[in-house]
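Working notes, structure below.
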Amino acid sequence: MRRALNALIQKELRQTVRDRRMMVLLIAVPTIQIIVFGFAVDLEVDRVPTVVVDQDRSVESRRHVRRLFADGTLHLRYQTQDTQEAERLLISGQANLALIFPSGFQRDQLCGRPTQVQAVVDGSDPNRGRSAGAAVGGYFGQVGPMLRIAPPSGRVSVEPKLSFNPGLDTAKFMLPGIIGVLLLLITTIVAAMGLARERQTGTLEQLMVTPMAPTTVILGKILPFAGFGFLDLSLALTAAVVIFDMPTRGSLIAVYATAGIYLVATLSTGLFISTISRTQQQAFLGGFLFLLPAVLLSGMLTPVRAMPAWLELATWLNPVRHFIELLRANLLADAGFLERWPNLLALSLYGLFMTVLSISRYRKTLE
Amino acid sequence: MNTVIEVRDLTRRFGDFVAVDRVSFHVEKGEIFGYLGANGAGKSTTIRMLCGLLAPTEGVAMVAGHDIRDDARKVRAAIGYMSQKFSLYLDLPVRANLEFYAGAYEIESPRKRVQEILELLDLEVHRDQITGALPGGTRQRLGLGCALLHRPEIVFLDEPTAGVDPASRRDFWRLIRSLSREGTTVFVTTHYMDEAEYCQRIGLMVDGRLAALDTPRALKRDLVPGRMFRVSNVDERASRAVLSGMSGVVDVQPFGTRLHVRVRPGGPEAPDLGKQLSQAGLSGAEIEEIEPTLEDVFLAVVDPTKGSAAA
Ligand SMILES: Nc1ncnc2c1ncn2[C@@H]1O[C@H](COP(=O)(O)OP(=O)(O)O)[C@@H](O)[C@H]1O
Ligand SMILES: [Mg+2]
């Protein structure tokens, strides 16, 4: 089995390296995509159009407005006294953030009473929503203690209010999602084409008259492309860290181990698709039909928590969701491998199931 | 002699269509067994069942001592297969294909064996060429090479010479015969009747059924009784009409610009045919007695009214 597996891997690598289109697909495309997507996300971070409703019109409120807009993340587009007007601007999309300083803000502040600034974030664009929320939260989080020093017990708290999409975070939040989807796209399509191409060109028949076990053949298709997957992961991580300052708080070993399980899951899904398709075109289409819901229900764009309960339940079957959550937890929050065990378990079970399914279908694919 | 392939009532249906219909035969070790038939007769379907690529609908087949249903893996280890459609990796060099199959079969000292095969099949000069760029005959040799790497007891060759030039076909058959001499059993399908003469025994497939099975000589004797004459150098259509009407003539078949005339035992002799033709104004005919070919056998089997039944 070892030698047959080696032969399969070597053959697959030789074929791939010779195929210029495959090399572009496997290496150039992901690198370019992470950079393009990354910038797309990064650019949107700046200059969130904001409407300020300063009902207090005090020295204090004006001071906070000035400092809030100092770093350029937020862009002061409108000022009004009317919360209704602000709401209209939010709904029409002219502003993505409304900041409401209630009347009595300065008075409460100076008397040391807890004070509230309301931030209404338009969550329909999650990237902007997150960065706006982060900017406001970050600002008051920092200045809060300082305020407390001047007036002994004065406090400002922000009460963020979101129409939907409550996941507030920085743009860096997006990068693990992009990496997960990138790996998904490449590996699923490559694997789906893998067996379908061998069937269409007739080489599958020749493989099947060898005494190689179906497990060997399926592993021989998974392992080399998992290798390319790791390469893509490394390229994407490097780009994310170097260009976009993505933090890597957790252990890289855990990242690669998780990615290994994920790649088995996506590759075996692709292989399964190719065992049920007759031609390469069918396999491609089948791959696409899987990719679409897998991306939409992954939590990359719309947080899983914001989905209806039944849909949220369905996302447990989605390997992309688990990988993105594991990757986020690991890179951004340094959650240990094991703290996220439900994701890890779901991902592993999915990968195992799909691999076994592909193996059991392999022999049936000729008839 | 020992039997290496034994097939009993092997049947394969695709829906309602019966591609292989209760076929029974056996093949001995070292034999060259030819499987003949028109396109769609069920040759490939039979081979694919014997190689474990397709499950039989009914019937039993033992290949190299193993049941193809229960021990498919052992069967696969003992056989080599060359499919009708070229099925090696066109995008890899010749040697990479051989190395891959050497690994897939986990053969001992693969490097040495690959070299042996390159030499045996005269592929040494092509070894670094991309397989897709090889001419037809060379490709087929490579296909055979991959099928022989693991020294199988039996090789199944499905139309190995289809679309190959005559010189390469002769070379290929020389290889097949030398394999057989060394004890490898060769199960080969073809629709070239001249090649079938090289086979020790021949199974004739007609519409999924094994219509005849014997040595080429016995097939000719039994299925094409009487004598055959070849008529040349006259207008083919006119003389065909004249001769078919003659008493004692069983069948007249055109072969190129010539005619093969089959007569009943005790029927007309060559001079009688010549006389008949010149009486009809067709002079100058050259007539000689010939051995019947397998083509004649095939025609007799496909159309039994002209075969032994009519004789
Ligand atoms: N997978 C299949 N599904 C349906 N029909 C098939 C299949 N394979 C072969 N056939 C049919 O079975 C018949 C025999 O085919 P085949 O064995 O390839 O013939 P041969 O090799 O003698 O030309 C043909 O009519 C063919 O169309
Ligand atoms: Mg055929």
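Worth pointing out:
- Residue within segment A:249-256 that is surrounded by fewer than 24 Cβ atoms within 10 Å (Cβ to Cβ), at pLDDT below 90 and over 21 Å from A:Leu345 (Cα atoms) present: yes
- Listed conditions (1) of a type outside the set (D, E, K, R); (2) surrounded by 17 or more Cβ atoms within 10 Å (Cβ to Cβ); (3) near ligand 1 (Cβ under 8 Å from one of its atoms) are all met by B:Pro56, apart from (3).
- Taking segment A:172-266 as the region of interest, the helices (runs of 4 or more DSSP H) fully inside it that hold 2 or more residues being farther than 30 Å from A:Ala4 by Cα and touching a residue at least 60 places away in the same chain (Cβ under 8 Å) are A:174-201, A:214-244.
- Residue check, B:Gly145 at pLDDT 95 or above, out of contact with any Cys (no Cβ under 8 Å at 6 or more places or on another chain) and part of a helix (DSSP H, G or I): yes
- Residues that are surrounded by fewer than 20 Cβ atoms within 10 Å (Cβ to Cβ), in contact (Cβ under 8 Å) with a residue 40 or more places away in the chain, in the same structural domain as A:Asp245 (by TED's automatic domain parsing) and over 26 Å from A:Gly129 (Cα atoms) do occur in segment A:31-50.
- Pick from segment B:146-204, criterion closer than 18 Å to B:Val27 by Cα and small (Gly, Ala, Ser), ranking: nearest to ligand 1 (Cβ to nearest atom): B:Gly203
- Reported count of residues in segment B:54-75, each being in contact (Cβ under 8 Å) with a residue 24 or more places away in the chain and either under 17 Å from B:Lys29 (Cα atoms) or within 16 Å of ligand 2 (Cβ to nearest atom) (or both), is 7.
- Positions within segment B:80-98 being at the interface with chain A (Cβ under 7 Å from one of its Cβ atoms) and either surrounded by 24 or more Cβ atoms within 10 Å (Cβ to Cβ) or free of Cβ contacts under 8 Å to residues at least 40 places away in the same chain (or both), in sequence order: B:Tyr81, B:Ser83, B:Lys85, B:Leu88, B:Leu92, B:Ala96
- In segment B:7-53, of all residues being farther than 18 Å from A:Val209 by Cβ and among the polar types (S, T, N, Q), the one that is nearest to ligand 2 (Cβ to nearest atom) corresponds to B:Asn39.
- Selected residue (criterion: nearest to the other protein chains (Cβ to nearest Cβ)) from residues of segment B:53-79 that are of a type in the set (D, E, K, R) and either under 20 Å from B:Leu157 (Cβ atoms) or in contact with a strand residue (DSSP E or B) (Cβ under 6 Å, 6 or more places away or on another chain) (or both): B:Arg76
- Any hit, segment B:23-32, residues being under 25 Å from B:Arg217 (Cβ atoms), within 15 Å of ligand 1 (Cβ to nearest atom) and surrounded by 20 or more Cβ atoms within 10 Å (Cβ to Cβ): yes
- Tally, over segment A:62-84, of residues that are closer than 17 Å to A:Gly138 by Cα and surrounded by 15 or more Cβ atoms within 10 Å (Cβ to Cβ): 6
- The condition of being within 24 Å of the chain's Cα centre (by Cα) and either of a type in the set (D, E, K, R) or not assigned by TED's automatic domain parsing to the domain that holds B:Gly34 (or both) holds for only one of B:Ala300, B:Ala212, that being B:Ala300.
- If you go through segment A:184-209 and pick out every residue that is among the β-branched types (Val, Ile, Thr), within 14 Å of chain B (Cβ to nearest Cβ) and farther than 17 Å from A:Lys364 by Cβ, you end up with 2.
The values are calculated or read from the model by the stated rules, or taken from the named source; none is laboratory data. Small disclaimer: the values here were computed from a predicted structure and weren't measured. Heads up, the Cβs are rebuilt from the backbone with ideal geometry, glycines too, and the neighbour counts pull from every protein chain shown.
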